Amino acid sequence: MNSTELFELTLALKIVLWVEAIVYLGLGIFEIFDDFFRKLPSWTNLNGKLNVYLFMEDKMQHKFHAIVCFFLGFIALNGIVEGAVTRFEIELLFVGLALIMMLLWMILPPGKMAIAMLLTKPETYLSITMFILFSNLIRVEVLIICVLFNLWGLAVFIFNTKKLMNPYNYERFRDDVLEAGVHEDRVKVYDKMTGYKED
């Protein structure tokens, strides 16, 4: 495709765009407007009161997530409404998914939790689908950039994350989750996912 050519939606691309529009646009809109009912994470409280710095850090991360989701969903919805997409729109979807996957590779938790995390993230399936079915619609340079983002995420995981989290095992991860004040019900879900049993 050239830069101005329109690609009429195939059934497969329609399905992918609908999934992205529903998941990302829905999540983005929800997170943009959830300020008055979202429960703050427990780690934003220190010494029995809300820590303003941690509150702002959490707010920034949360809204950045909302912004990325909204943009991906908006691009997908625009393609559905128009009935066609440009090469640049498809490339934006590729790059957006590659950046999210890069982050997921960087923060892979230990053991079975890593597999569970990847299997429960829509980005995993959408990235694979896009690479298999639509990589021929984008420029080779953009495809290489997407691959490099994924490889960078893996490199950071191997040479940075695993070294910082020493020992890199579920027991260490679990202890830190509890220390961060995460509710025990969530920890029990993690335990079940990994098959962990307390002695």
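When the listed pairs 59/188; 112/162; 39/59 are checked against a 23 Å cut-off, the alpha-carbon distance exceeds it for 59/188. Charged neighbours of residue 108, selected by a Cβ distance under 13 Å, balance to +3 (K, R count +1; D, E count -1). Applying 0.36 nm per residue to the separation of residue 43 and residue 124 and subtracting their alpha-carbon distance, the gain on full extension is 26.3 nm. In terms of surrounding Cβ atoms within a 10 Å radius of their Cβ, 102, 113, 60 rank from fewest to most as 60, 113, 102. Can you tell me the relative contact order of the chain? Whole percent, Cα pairs under 8 Å, sequence separation 6 or more. For the chain, the relative contact order is 26 percent. Backbone N atoms of region 81-121 closer than 15 Å to the 7 Å Cα→Cβ label point of residue 140 are not found in any residue. Charge tally around residue 46: other residues with Cβ under 15 Å, Lys/Arg +1 each, Asp/Glu -1 each, net -2. Descending by average beta-carbon neighbour count within 10 Å, the peptides 178-184, 93-99, 14-20 line up as 93-99, 14-20, 178-184, the highest first. Cα-based radius of gyration for region 6-168, normalised by 2.2 N^0.38 Å, reads 1.18.
The slack in the chain from residue 115 to residue 186, taken as 0.36 nm per residue of separation less the alpha-carbon distance, amounts to 23.8 nm.
Any read-out appearing in this document is the output of simple, stated calculations on the displayed coordinates, not a laboratory observation. None of the values given here were measured: they were computed from a predicted structure. Neighbour counts run over all protein chains shown; Cβ positions are idealised from the backbone, glycine included.
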